[in-house]
Every structure is written in C-alpha cells, then in structure tokens.
1. Going by the conditions given, is residue 328 without any contact (Cβ under 8 Å) to a residue 60 or more places away in the chain and not charged (D, E, K, R)?
2. Between 1, 18, 85, which is at pLDDT 95 or above and more than 30 Å from residue 384 (Cα to Cα)?
3. Could you check how many residues of the range 204-247 are under 30 Å from residue 104 (Cα atoms) and assigned to a loop (DSSP other than H, G, I, E, B)?
4. Looking only at the range 349-365, filter to residues that are crowded, with 22+ Cβ neighbours inside 10 Å and in contact (Cβ under 8 Å) with a residue 60 or more places away in the chain; which one of those is farthest from residue 155 (Cα to Cα)?
5. Restricting to the range 430-453, what's the tally of residues that are at pLDDT 95 or above and loosely packed, with under 12 Cβ neighbours inside 10 Å?
6. Report, by residue number, each residue of the range 183-205 that is in contact (Cβ under 8 Å) with a residue 60 or more places away in the chain and surrounded by fewer than 23 Cβ atoms within 10 Å (Cβ to Cβ).
7. Kindly establish whether residue 176 is within 23 Å of residue 280 (Cβ to Cβ) and not β-branched (Val, Ile, Thr).
8. Residues of the range 177-231 being among the small types (Gly, Ala, Ser) and within 14 Å of the ligand (Cβ to nearest atom), which ones?
Amino acid sequence: VTLVASLRDIVGETHVLVDPDLRAPYETDWTRRFTGTARCVVRPASTDEVAAVVRVCAAAGAPIVVQGGNTGLVNGGVPASGSEVLLSLARLRDLEPVDVLEAQVTAGAGVTLEALQAHARAAGLDFGVDLAARSAATVGGLVATNAGGVRVLRYGSMRHQVTGLEAVLADGTVISRLTGLAKDNTGYDLTQLLAGSEGTLGIITRVRLRLVPPLPARAVALIGLSSTGDALSVLARARRLPGLAAAEVCYASGVSLVRTYAGLGAPFSEDFPVYLLVELAGGSDPTDELLEFLGGCEEIGDATVASDAAGRTKLWAYREAHTEAISAAGVPVKLDVSVPLAALADLVAELPTTVEKVAPGARTILFGHLNEGNLHVNILDAGASGVELTDAVLNLVAGYRGSISSEHGVGRAKARWLALSRTPAEIAAMRRIKAALDPNGLLNPGVLLIDAE
Ligand SMILES: Cc1cc2nc3c(=O)[nH]c(=O)nc-3n(C[C@H](O)[C@H](O)[C@H](O)COP(=O)(O)OP(=O)(O)OC[C@H]3O[C@@H](n4cnc5c(N)ncnc54)[C@H](O)[C@@H]3O)c2cc1C
C-alpha cells in the first residue's frame, strides 16, 4: 500500500491532494519568496486523524511540514525538500462555547484569529492578541510561532494567552492538557515548551486560551515626529498612562507606499520622517486623556486623533497596511528584529547605510512595535543579495545585543543565524530536546535547528 493510499484511508480521498494545481496554494508562502514541492497535502479533520497521519508518515520515514493559515514570514510552513507530506491543520476548526466563569475558551488549531476574536466578543470578552493577518492566521500557527502583534504591550505575546494545549508528538502520541487551571505546578510545562517551537516538537491540535475583559472605548492618535529619539521620548511618557494599548512606529517611506497602495490621503499638511501611532483603551472614553497627553509632549510636530470606529480604522491603516503594501511593491527581504530601546535610534540610523553597502539602490522600509523595540526591516529591490543583506543586518542587530527574530520565529529563513542570538550551550540544549521528542527528525526538518556545518 502506498503512503498516499494509507493517508486517504485516514482522511478520505478528497483530503489528500496530489494534483500540482491543488497543492500549489499550500506550497508557496505569503511573501512569494519561499516555495517548494510537497509529496502531497493532507487535511485531517480531528486530533485522531492527525495522530493516525503522523503514525503512517513515521512508519514510512516521510518528513512532515506543518501548516496552519500559511501567513508565516520565515519559511517554516512550506515544503523545502520535495519529500515532505504537508500536513494542513486548517480543518480543525472546532470552537467550544466560551467558559465565562474561567474566562477561557478551547479552540481547534485551525480556527482563525478573526473567528476567535468574534467568538470571544460575542460572549462579552475579548482576546489579547491581534495582528494584521487576523483573517487567515490560525490559533495553531500563532502558538507555534509565539506570535506578537499590536497588543503585546498590554497582554504579552501568544504564549501568555495559552493555559493549556493538546498536541500530537512525532510518534503519534497525543498529549493533552486542556483543563486551564490557573495554578498547576506539576512538573515540566509542556504547553510552554511547544509554544514558540515552530512545529519542530509536536503538532498542536487544540489550545485552551485565556480571554481578557473588553475595552470598548478607544482613542487613537497618529503623531508626526522628527526622529526615532523623539518617538521614544513620547513612548516613555505614554507608558505612564494606565490606558495605553498600543504604540506603533513607521517612517515616511513606508507611509508613502501605504498611501499609494490603500489610496489614503496625507495625514498632515506636511510630511514627517517618523510617525507614531498611540492607542488608549478603557471602559470610558479616553479621548480627553489622550488630548491632554499630546498637549504635554513638545516633541510632537503634528497629531490627529480619532475616537469613532471608522476614524480609528483609518488611522490604523497607515501602520497596519505596511506588510500588504510592501508585498504589493515586490518580494521583500523581510527581517524582524528587536534591540534594547536605548539602541533603537542608532539601529534605525545605521540600517540604510548597511543595506546600501550590500545592495546599492535597494529600498529599506522600517516599521514596528515600538514598545518592544521590535523593528520590521523590509528591503525591496534587493536583487540576488538576500543572503548577504540578511547577514549584514542580523550582525548589526547582534552587535546591539538584539534578537534576530523578535516575533516571526526563525523558520528556515533565519536558521543559519541562530547563533547570533543564542549561545552554543543553549543551542545544544535545544538539540537535546528536539532529539528526545523527535529522534528521527520528522517534524519540520530544517526549521529552527539545522545540522551543524
Ligand atoms: C499581513 C501580515 C501581518 C503579520 N503581522 C504579524 C505581527 O504583527 N506579529 C507576528 O508575530 N506575526 C505577524 N505575521 C506573521 C504570521 O501571521 C504569524 O507568524 C502567525 O502566527 C502564523 O500563523 P499561521 O496559522 O498562518 O501559521 P503558518 O504560516 O501556517 O505556520 C507558521 C509556523 O508555525 C508552524 N505551525 C503552524 N500550525 C501549527 C500547528 N498547529 N502545530 C505546530 N506547528 C504549527 C508551521 O510549521 C510554521 O513553522 C504577519 C503576517 C502577515 C501576512
């Protein structure tokens, strides 16, 4: 019996895709930079089916590449070698009723962030992670990458929302911890080990998630500034506001791309080099608090404030449409770094020179989550210089004791630079964990840990 026939016995004929046209949407990543060929795409609908698929693949020695919504940006969820079975979790879409007493919910790995948010809000609660890929990114992918996004300053990243999970290990064993107990010190925290493991240690099938109180009243300010240093001064003061809910930074070159892409007018009568978006949220209207705050910041060149939903969405678009606008302009080299806040202005100043030296004429577009010192470095028109650019930028970041992956993960795209952010002892310990849970290296080979060169 062939592997494909065994997989069809488990999930049904129509959920094993071998036709190249049917496989194609799963084989290229969101950025169109990374593409590969899978032996087949298999789409199980339950944890039992996932476990059976893994057992069959393990018996056949077939590596597995795990995929959720395929919005990941570091080449972790598309095939590389041609021998992998692509395991899509998109059909695991069960969403249990919200547990209002615990303020938690259990969601299947394939539930999208948008569906989860709508479900939580319908029960009078909210979810603490939000990001622009919300309509496609899945709960499983968000946990596997420990996604960050625009609410980290208030609620932490994805791992902080997770109180338990269910996963299938590389031999088909199912581990399940879905009670969501607020206190539970009974040994190694396998849930947190799998969070951020990028599909290399286990396949997440269900997740128990913490929900947060809704904050219905919001006010957003888009602020024009002269420098990153000024944006940091405003941030330092904004951090004293109890209602601070987001602090996002972008720059003139990105705002100009966004305006063309999204057909937006100029936010101000004059252009500024730096734009800071600040959002306050609470139970009652924070507009006056925001206006008073802005009045006390002498760095501010100009500012515009919106409190109604439509006006807030419009201001957010200047920042949130960056990823899409950049992608519409070409296939960028995408890097996602963080440095201590004290080093951020120097990094921003040095990046264009670093890029220009390696790829003359390339366009560097920066934006990010200012509160975490997290900068997305996007380089357009880089030609064939992707590897050299990545090397130059990540080394610059490492010089500031920064992280080569702030929130997107390492994937295959950054794996060879892992040693810039983690010590040899740490990498050796990670390898021992990988070897213990996946001794034959079946899950996401080449992601995060590559064979030592
Ligand atoms: C427009 C846009 C904006 C974005 N903004 C942000 C942002 O602000 N912050 C941020 O952190 N990210 C952001 N991202 C990146 C992306 O949305 C996140 O990495 C997200 O967590 C990926 O979820 P996914 O379901 O699409 O996962 P995929 O892309 O399918 O997979 C990502 C990784 O997780 C693994 N994986 C997926 N599902 C599972 C599972 N069930 N079990 C085990 N492993 C699994 C895959 O093998 C792969 O390594 C953005 C992406 C886009 C396109």
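1. Numbers: without any contact (Cβ under 8 Å) to a residue 60 or more places away in the chain: no; not charged (D, E, K, R): yes.
Taking the combined requirement at face value, the residue does not satisfy it.
2. 18
3. 10
4. Among them, the one singled out is 364.
5. The total comes to 3.
6. Hits for the range 183-205 are 193, 196.
7. no
8. 195, 196, 197, 199, 202, listed by residue number.
The values are calculated or read from the model by the stated rules, or taken from the named source; none is laboratory data. Bear in mind the structure is a predicted one, so any value in this text is a computation, not a measurement. Using ideal geometry, Cβ is built from the backbone for each residue, glycine included, and neighbour counts are taken over all protein chains shown.
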